[in-house]
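Notes follow once the structure below has been shown.
Bear in mind these aren't lab numbers, they're just calculated from the coordinates by the rules spelled out. Just so you know, these numbers come straight off a predicted model, no measurement behind them.
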Amino acid sequence: MPAAAPPVLPRHVAITMDGNGRWAAARALPRIAGHRAGLKPVRMCIEACAARAIEALTLFAFSSENWGRPAAEVGKLMGLFLESLEKEIDELHAKDVRVRFVGARERIGAGLRQRIEAAEQRTGGNSGLCLQIAMSYGGRWDIVQAARRLAAACVNGRLRAEEITETSFGEALALAGLPPPDLLIRTGGEQRLSNFLLWDAAYSELFFTPTLWPDFALSDFRAALDFFAARERRFGKTKSQRAS
Ligand code: FPP
């Protein structure tokens, strides 16, 4: 019997981790308890990606719009990010994970920002899973910051307007250098992008699940991978073109 074809894995998985608040409310707990419970599936996804040699994982931890949440929730979330970074960084480094933060980092408090930069420096030479934490991130912010960079390069004569192409624009975006996310998972039942990876997700396969993020288990992650493996990806071409 011929050997079964190996499973088709995504190179880059992106996840919108939604539903922490509802998970907590269902248990009459404060919202931060839901965010804290959300750390377990974060660890599981990192391990599951590393175990399968998936190249990149990008997690939407805090959006540009999340700054508009009540100050108490924002403060507790920032505290949780700081605490989990301190707790997890040794293990991430030991697992050869390269950690990067993508987003408007000037809005993040100095203490957390310093830890973020230290974590990036420490793990920058690692060659395992590329883990992006999108924090203070919005897809529109990303497109605008890329446009600004390219405009500045044009103004100072390093670039001509005609040289702005999809490729050069992509190289100015936060996820430059990574393959585009080919699988985008959103938990919590909503079926929208909510300003995540607007440019990069042009051809992502979208997997939506009603499972709330703290309940997202390895079996759910596997279901998302199975969904991906069954997709026919044509990138705008016809089926016969893709086959040839
Ligand atoms: C959205 O759920 C989730 C967040 C805004 C925070 C996500 C943060 C974590 C999972 C904590 C750990 C993450 C890292 C990477 C250290 P929601 O609050 O909008 O839930 P709701 O829709 O049920 O209200």
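Quick one: 3J(HN,Hα) in Hz for segment 96-101, Karplus 6.51/-1.76/1.60 with θ = phi - 60°, rounded, Gly and Pro as x.
Taking θ as phi minus 60°, the curve returns 6, 7, 9, 9, 9, 10 Hz for segment 96-101.
Per residue of segment 142-152, what does 6.51 cos²θ - 1.76 cosθ + 1.60 with θ = phi - 60° give for ³J(HN,Hα)? Whole Hz please, x for Gly and Pro, Karplus curve as stated.
4, 5, 5, 5, 5, 4, 4, 4, 5, 4, 4
Please check: in the Gaussian network model of the chain (C-alpha springs, under 10 Å), which one of Ser127, Ser64, Ser204 has the largest mean-square fluctuation.
It is Ser127.
For Lys40, go through the lysines and keep the ones whose alpha-carbon is under 26 Å away, minus same-chain ones fewer than eight residues off.
Lys40 reaches Lys76, Lys87, Lys95.
Evaluate the relative contact order of segment 178-227 (contact order divided by residue number), counting alpha-carbon pairs under 8 angstrom at least 6 apart; express in whole percent.
Averaging sequence separation for qualifying contacts and normalising by length gives 44 percent for segment 178-227.
Below 8 Å, C-alpha to C-alpha, sequence gap of six or more: please give me the relative contact order for the chain in percent.
About 28 percent, as a whole number.
Gaussian network model of the chain, Cα springs within a sub-10 Å range: biggest mean-square fluctuation belongs to which of Phe169, Phe216, Phe60?
Phe169
Apply the Kirkwood formula to segment 10-149: the hydrodynamic radius equals the inverse of the mean of 1/r over all pairs of different alpha-carbon atoms; give it in Å with one decimal.
15.7 Å
What Kirkwood hydrodynamic radius do you get for segment 19-76 when you take the inverse of the mean 1/r over all pairs of distinct Cα atoms, in Å?
Here the Kirkwood hydrodynamic radius works out to 13.0 Å.
Taking the square root of 5 times each eigenvalue of the Cα gyration tensor, what semi-axes in Å does the equivalent ellipsoid of the chain have, largest first?
Those come to 28, 26, 18 Å.
Is the C-alpha gyration tensor of segment 132-244 telling us rounded, prolate or oblate? Criteria: a/c under 1.5 is rounded; beyond that, a/b larger than b/c is prolate, otherwise oblate.
oblate
Would you work out if segment 185-232 is rounded, prolate or oblate? Take a ≥ b ≥ c from the square roots of the eigenvalues of the alpha-carbon gyration tensor; rounded if a/c is under 1.5, else prolate when a/b is larger than b/c, oblate otherwise.
Cα axes put segment 185-232 in the oblate bin.
Roughly how far apart, in whole Å, are the Cα centres of segment 34-79 and segment 109-125?
Computed from Cα coordinates, the inter-centre distance equals 16 Å.
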